[in-house]
Amino acid sequence: MTTARAPRPVGREPLPTALAGGWPQGGEPETWLLSVSAYTAALDAAAPGKVLDAEELERAGRFLRAEDRERYTAAHMGLRQLLGGYLGVDPAAVPFTREDCPGCGGPHGRPAVVGAPLHFNMSHAGDLVLFAFAGTPVGADVEKLQPASVVDQVAQSLHPRERAELDALPIADRPAAFGRCWTRKEAYLKGIGTGLSQDPAQDYVGTGREPVPVGPWALIDVPVESGYAAAMALRGPGRAG
């Protein structure tokens, strides 16, 4: 059974030398966690222009709020830094592509790197960015915990068994249980490449302490700081779906 180790932090310092061109490491998935505020404070103002491509820079510039722009920039800088370390290439030269969408066949499925047996996914919420890397398809999601009033509204989109589990809990326990469920579900949907275009009520992942696998996909809760929930979805080797 795969378990989640505490994610490692992403900073400005060079990655451990073991990462340089070194994937997979024993075939085990790895997660990294970035603090947007800390990363941004330490980042050279000129760095994004040297690392991000024209499309990323243009998209970052479209954000009206500084916090959204900083979160996007930090997330994509961190992703390029980590992929560059794993692949042994300059972060600015990471060859991104998109897999075919499993729903329509269009070129907007899971993000990927050209010619590398390395799968990855990322998610951001609030001050955190979560990155997941594996030798098989992987999805990741991090969310800020929501108040019970919001949980009651959004929970209507969950699987009927998940809604029943939340209803059976004391109100004070529902935000954490919902966070576990929603991050597992989003990680899985991102892993298979559909995202929320697939009905989140379709598959049961559970709201309790132990995630429920979906077909060949293992769901793993990722430890993060208080006020957040996070999860990773990992497809078993050699299995379709």
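Details
- Listed by first and then second residue, the pairs with beta-carbon distance under 6 Å, at least 6 apart or on different chains, first residue in the range 131-151 and at negative phi, second charged (D, E, K, R) and buried (at least 19 other Cβ atoms within 10 Å of the Cβ), are Phe133/Glu30; Thr136/Arg235; Pro137/Arg235; Gly139/Lys190; Asp141/Glu186; Ala148/Arg174; Val151/Arg174.
- Any hit, the range 129-150, residues being open to solvent by 10 Å² or more (accessible area, probe 1.4 Å), of a type in the set (Val, Ile, Thr) and over 15 Å from the mean Cα position of the chain (by Cα): yes
- Failed criterion for Ser123 (all others in (1) touching a helix residue (DSSP H, G or I) at 6+ places or on another chain (Cβ under 7 Å); (2) hydroxyl-bearing (Ser, Thr, Tyr); (3) assigned to a strand (DSSP E or B) hold): (1)
- Any chance Gly78 is over 15 Å from the mean Cα position of the chain (by Cα), in a helix (DSSP H, G or I) and surrounded by 15 or more Cβ atoms within 10 Å (Cβ to Cβ): no
- Flag set for Arg180, criterion: buried (at least 17 other Cβ atoms within 10 Å of the Cβ), modelled with pLDDT of 95 or more and more than 25 Å from Cys104 (Cβ to Cβ).
- Residue under evaluation Val113, criteria (1) in contact (Cβ under 8 Å) with a residue 40 or more places away in the chain; (2) open to solvent by less than 50 Å² (accessible area, probe 1.4 Å); (3) under 30 Å from Gly88 (Cβ atoms); (4) not charged (D, E, K, R), criterion not met: (1)
- Entry remark, the range 186-228: residues being part of a loop (DSSP other than H, G, I, E, B) and open to solvent by less than 60 Å² (accessible area, probe 1.4 Å) number 17 in total.
- Within the range 229-238, one or more residues are surrounded by fewer than 20 Cβ atoms within 10 Å (Cβ to Cβ), over 22 Å from Met122 (Cα atoms) and out of contact with any Cys (no Cβ under 6 Å at 6 or more places or on another chain).
- Residues of the range 85-112 that are touching a helix residue (DSSP H, G or I) at 6+ places or on another chain (Cβ under 7 Å), modelled with pLDDT of 90 or more and not in a loop (DSSP other than H, G, I, E, B): Pro91, Ala92.
- The set of residues from the range 200-219 being of a type in the set (A, V, I, L, M), closer than 16 Å to Arg163 by Cα and out of contact with any Gly (no Cβ under 6 Å at 6 or more places or on another chain) comprises Ala201, Val205.
- Test: residue in the range 14-31 that is at pLDDT below 90, assigned to a loop (DSSP other than H, G, I, E, B) and over 16 Å from Phe133 (Cα atoms): yes
- Residue that is open to solvent by 60 Å² or more (accessible area, probe 1.4 Å) and not polar (S, T, N, Q), where the choices are Pro160, Pro175: Pro160
The values are calculated or read from the model by the stated rules, or taken from the named source; none is laboratory data. Keep in mind that what you see is a predicted model, and the values were worked out from it rather than measured. Please note: Cβ atoms are built from the backbone with ideal geometry, for glycine as well, and neighbour counts cover all protein chains shown. Keep in mind that these areas ignore ligands, DNA and RNA; they rest on the heavy atoms of the full protein, side chains included. Shrake-Rupley method; radii C 1.70, N 1.55, O 1.52, S 1.80 Å.
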